[in-house]
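Below: one structure, written as structure tokens.
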Amino acid sequence: LRLVAELRTAIERRDITLLYQPIFSTADRSSVAVESLARWEHAERGAISPATFVALAEESGLIGPLGLLVLDETCRQLAEWDAELGAAAPQRANVNVSALQLDGNLHPQVVAALARHRLHPSRLSIEITESALMKDPASARAVLTQLRDLGVQLAIDDFGTGYSSLAHLRHLPVDCLKVDRSFVAELGQGHTEIASAVIALAENLGLTTVAEGVETAEQAEQLAALGAGFLQGFSLAQPMTGERTAAWFAARA
Ligand code: G
Ligand code: G
Ligand code: MN
Ligand code: NA
């Protein structure tokens with residue numbers, strides 16, 4: 001209960017901070033996008049994982065304020081990078097959205113955040129986990145359709161772990177499948193079947209792919225050979241503060 005109160009205060013004070021991890025084109029290893037990742041450095045407990053505090057926020061009614069904070073701060077940061085870096089700024093940021101945020105409030109919140117920071121909708125991609133989509137596919141589809149019509153991109157996170165029906169997938173207005181890192185990890189043990197199948201499925205549906213959790217150069221090569229469009233992982237770039245991300249993009253321009 002105390003941790004919930006502390007989380008509420010942390011959200012109010014903007015003590016939840018964001019790190020940004022670059023996403024790379026497999027073809028030329030350029031990066032034009034980042035994923036924003038929430039962090040909470042607790043005064044006594046140290047770093048609390050987003051897996052923990054997002055779940056806590058979901059249980060305690062704080063997911064609304066937390067989601068708003070992440071959305072607004074990511075947009076604010078994109079606008080700041082634009083001012084600082086011009087054409088070298090990241091073109092897009094991917095924002096993670098919880099299952100509980102997939103309701104009628106999400107579209108107006110995204111519209112408002114983009115307007116507040118004078119950003120075009122194409123600057124945002126919303127990541128939703130496969131399991132979140134499958135909780136209530138019909139209502140998820142309604143929300144996704146609103147966002148897609150706005151011009152925001154949509155990615156299914158942790159794809160392959162959430163038992164989604166392929167029939168539903170065909171009717172969801174998404175742009176990208178993120179190949180779960182568990183399938184990237186097993187490439188090293190000779191298991192290319194799942195990663196290969198997910199990439200082929202995406203290609204057949206006209207979707208792009210981001211392979212997550214790329215930790216070795218060998219995995220990057222295997223994923224390139226399998227046709228993954230984009231790569232993300234510690235071996236390519238770590239999640240960084242907004243300031244370091246600016247320096248990182250400036251140095252590569
Ligand atoms: O950054 P890390 O690997 O510790 O993230 C753990 C999990 O928390 C991942 O599944 C990631 O998608 C999720 N996560 C990180 N930031 C956010 C966020 O801002 N909102 C939501 N809903 N999930 C997030
Ligand atoms: O579920 P989601 O894809 O949103 O999770 C993103 C999380 O993955 C981030 O918290 C990030 O810290 C973590 N991550 C990023 N790159 C790697 C990697 O190469 N290996 C592992 N194990 N985790 C990674
Ligand atoms: Mn994600
Ligand atoms: Na993932």
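The values are calculated or read from the model by the stated rules, or taken from the named source; none is laboratory data. These numbers come from a predicted model, not from an experiment. Quick reminder, even Gly has a Cβ in these numbers, built from the backbone with ideal geometry, and neighbours come from all protein chains shown.
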Report the residue count in region 5-36 for those that are under 16 Å from the mean Cα position of the chain (by Cα) and more than 14 Å from P65 (Cα to Cα).
14
Among the residues of region 144-188, which ones are surrounded by 22 or more Cβ atoms within 10 Å (Cβ to Cβ) and among the charged types (D, E, K, R)?
D157, K178, D180
Determine whether region 4-15 contains at least one residue that is farther than 23 Å from E243 by Cβ and basic (K, R).
yes
I'm checking my understanding of the structure. Among residues of region 120-142 that are surrounded by fewer than 16 Cβ atoms within 10 Å (Cβ to Cβ) and within 16 Å of ligand 1 (Cβ to nearest atom), which one is modelled with the lowest pLDDT?
K135
Just the residues that are within 16 Å of the chain's Cα centre (by Cα) and of a type outside the set (S, T, Y), please, taken from region 230-253.
F230, L231, Q232, G233, F234, A237, Q238, P239, M240, G242
crowded, with 16+ Cβ neighbours inside 10 Å, more than 19 Å from the chain's Cα centre (by Cα) and not small (G, A, S): is that true of H117 in this structure?
yes
Failed condition for S31, given (1) surrounded by fewer than 14 Cβ atoms within 10 Å (Cβ to Cβ); (2) within 16 Å of ligand 2 (Cβ to nearest atom); (3) closer than 21 Å to I156 by Cα, with all others met?
(1)
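If you take just the strands (runs of 3 or more DSSP E) that sit entirely in region 143-211, which of them hold at least 3 residues that are touching a residue at least 24 places away in the same chain (Cβ under 8 Å) and within 16 Å of ligand 1 (Cβ to nearest atom)?
Where strands (runs of 3 or more DSSP E) fall fully within region 143-211 and carry at least 3 residues being touching a residue at least 24 places away in the same chain (Cβ under 8 Å) and within 16 Å of ligand 1 (Cβ to nearest atom), they are 153-159, 176-179.
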Within region 173-186, count every residue that is closer than 10 Å to E130 by Cβ and more than 10 Å from ligand 2 (Cβ to nearest atom).
1
Single residue of region 37-72 satisfying the filter (surrounded by fewer than 18 Cβ atoms within 10 Å (Cβ to Cβ) and part of a loop (DSSP other than H, G, I, E, B)) that is nearest to the chain's Cα centre (by Cα)
S49
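Confirm whether L85 is surrounded by 16 or more Cβ atoms within 10 Å (Cβ to Cβ), away from ligand 4 (no atom under 16 Å from the Cβ) and not aromatic (F, W, Y). Let's see the steps before the verdict.
Working: surrounded by 16 or more Cβ atoms within 10 Å (Cβ to Cβ): yes; away from ligand 4 (no atom under 16 Å from the Cβ): yes; not aromatic (F, W, Y): yes.
Judged against the criteria, L85 is a match.
Tell me the residue from G46, G64 that is closer than 17 Å to N96 by Cβ, more than 14 Å from ligand 2 (Cβ to nearest atom) and small (G, A, S), please.
Working: G46 fails: closer than 17 Å to N96 by Cβ.
Sole residue among the options that is closer than 17 Å to N96 by Cβ, more than 14 Å from ligand 2 (Cβ to nearest atom) and small (G, A, S): G64.
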Looking at A93 and the list (1) within 15 Å of ligand 2 (Cβ to nearest atom); (2) without any contact (Cβ under 8 Å) to a residue 60 or more places away in the chain; (3) not polar (S, T, N, Q), which single condition is not satisfied?
(2)
